[in-house]
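Notes to accompany the following structure.
The values are calculated or read from the model by the stated rules, or taken from the named source; none is laboratory data. Because the structure is a prediction, the values reported are computed rather than measured. Every residue, glycine among them, receives a Cβ derived from its backbone with ideal geometry; neighbour counts consider all protein chains shown. Keep in mind that these areas ignore ligands, DNA and RNA; they rest on the heavy atoms of the full protein, side chains included. Shrake-Rupley method; radii C 1.70, N 1.55, O 1.52, S 1.80 Å.
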Amino acid sequence: MKRLPPLPALHTFLVTAQCCNFTRAAQLLHITQGAVSRQIAGLEDHLGYALFLRQARGLSLTREGHDWLPRVQQVFALIEEGVQQVGARSTTLQIKAPTCVMRWLLPRLMEWQALRPDVPVELTTTVQHGVDFRREVFDAAVVYGTAPNHGLQTLKLFDEQLTPVCAPQLLAGPLPLQQLADLEHHMLLHPTRDQRDWHTWLAAAGANLSRQGKVQHFETLDMAMSMASQGTGVAIGDWSLIADDLTCGRLVTPFPLKVATGQAYYLVRPQGSTSTALLELLDWLREQSQARTPQ
């Protein structure tokens, strides 16, 4: 495999080809005319053919020089694009989070951006509840489950506590929700297809429904909560994640029981990450999780 030509010589060729003058190229490159001439001669020796015709009135490109020029221009354009993209990415905080936490996280990230417009944040959502920083290029992530124990820097946001919620008008409707048995007359909205959240809460409440009415499954918590806020039925969700909906009255809790599942939401980052902006954002999110809870 033939050795590639040196990059500085290619850059000198590009500049020289654009002006076809060694003196002008030397001025643009801030080197001597002799250095330009030597770099071009060395590049031609490496390639095995001439790139310029040396004439009394100046330089002109050979056929090979004409063929080389657009290719070299493309190479340097790609390098410039890469520098810009990587540089932009290095100043942007890359955060990953599962869709189930978006109802809580997204408004707070928007508030952070209003407070700190100098620290852009790029959020990637996923149905996965974990992260692998060895394979995924993120500065931090929100994960759901038990406490991570594989060498991550971890900040706990809140424990998962399940509670039923519905639209306020459902409480005073023709089929009021006053006791557990009243759930038999309402559609149960499930944020997951396995119905585990409702099963967990009903078991903890000691509810023994003689029958269950219609049920509806959703792919995300957000979809289930949106349907609940329209009075479609009674949804089940994490008390902290739906705090904003409860605070503003879009949703209400027909029963006071909140059931801890043993799962929680955590902010995690790789060991050794020292970005000041990242640490400020994560600490701010943790403060938000502790300060903003529904009444």
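In the set (1) more than 25 Å from Pro174 (Cα to Cα); (2) open to solvent by less than 30 Å² (accessible area, probe 1.4 Å); (3) assigned to a strand (DSSP E or B), the condition left unmet by Ile236 is number (1).
I'd like to check something: does region 151-161 contain any residue that is over 30 Å from Ser37 (Cα atoms), acidic (Asp, Glu) and either at pLDDT below 85 or touching a Lys or Arg at 6+ places or on another chain (Cβ under 6 Å) (or both)? No: zero hits.
Scanning region 186-227 for residues that are open to solvent by less than 50 Å² (accessible area, probe 1.4 Å), in contact with a strand residue (DSSP E or B) (Cβ under 9 Å, 6 or more places away or on another chain) and modelled with pLDDT under 85 gives Pro191, Thr192, Gln195, Gly213, His217, Phe218, Leu221. Taking the stated definitions as given, is Pro174 of a type outside the set (Lys, Arg), farther than 30 Å from Gln94 by Cβ and either open to solvent by less than 20 Å² (accessible area, probe 1.4 Å) or in contact (Cβ under 8 Å) with a residue 60 or more places away in the chain (or both)? Spelling it out, it is not the case that Pro174 is of a type outside the set (Lys, Arg), farther than 30 Å from Gln94 by Cβ and either open to solvent by less than 20 Å² (accessible area, probe 1.4 Å) or in contact (Cβ under 8 Å) with a residue 60 or more places away in the chain (or both). Of all residues in region 141-161, those that are in contact (Cβ under 8 Å) with a residue 12 or more places away in the chain and within 16 Å of Gly272 (Cα to Cα) have Cβ atoms under 6 Å from Cβ atoms of residues that are outside any strand (DSSP E or B) and charged (D, E, K, R), 6 or more apart or on another chain, in Leu155/Arg286.
Pick out the one residue from Val143, Val131, Val127 that is of a type in the set (A, V, I, L, M), surrounded by fewer than 18 Cβ atoms within 10 Å (Cβ to Cβ) and either over 20 Å from Ala291 (Cβ atoms) or touching a Gly at 6+ places or on another chain (Cβ under 7 Å) (or both). Just a single option satisfies the conditions, and that option is Val127.
Has region 107-118 got at least one residue that is modelled with pLDDT under 85, open to solvent by 50 Å² or more (accessible area, probe 1.4 Å) and among the basic types (Lys, Arg)? Checking region 107-118: not a single residue is modelled with pLDDT under 85, open to solvent by 50 Å² or more (accessible area, probe 1.4 Å) and among the basic types (Lys, Arg). Filter region 244-267 down to the residues that are at pLDDT below 90 and within 25 Å of Glu122 (Cβ to Cβ) and list them by number. Residue satisfying the conditions is Asp244 alone. Search region 57-100 for residues being in a loop (DSSP other than H, G, I, E, B) and at pLDDT below 90, and hand back the single one that is surrounded by the fewest Cβ atoms within 10 Å (Cβ to Cβ). Within region 57-100, the match that is surrounded by the fewest Cβ atoms within 10 Å (Cβ to Cβ) is Arg57. Scanning region 250-265 for residues that are closer than 18 Å to Ala97 by Cα and either open to solvent by less than 20 Å² (accessible area, probe 1.4 Å) or out of contact with any Gly (no Cβ under 8 Å at 6 or more places or on another chain) (or both) returns Ala264, Tyr265. The selection criterion, being within 16 Å of Gln161 (Cα to Cα), of a type in the set (S, T, N, Q), part of a helix (DSSP H, G or I) and under 28 Å from the mean Cα position of the chain (by Cα), does not hold for Gln263. Of all the numbered requirements in (1) open to solvent by 50 Å² or more (accessible area, probe 1.4 Å); (2) closer than 30 Å to Leu93 by Cα; (3) in contact (Cβ under 8 Å) with a residue 60 or more places away in the chain, Thr247 misses one, and that requirement is (3). Residues that are in a helix (DSSP H, G or I), small (Gly, Ala, Ser), open to solvent by 30 Å² or more (accessible area, probe 1.4 Å) and closer than 20 Å to Asp67 by Cβ within region 1-56 comprise Ala41, Gly42, listed in sequence order.
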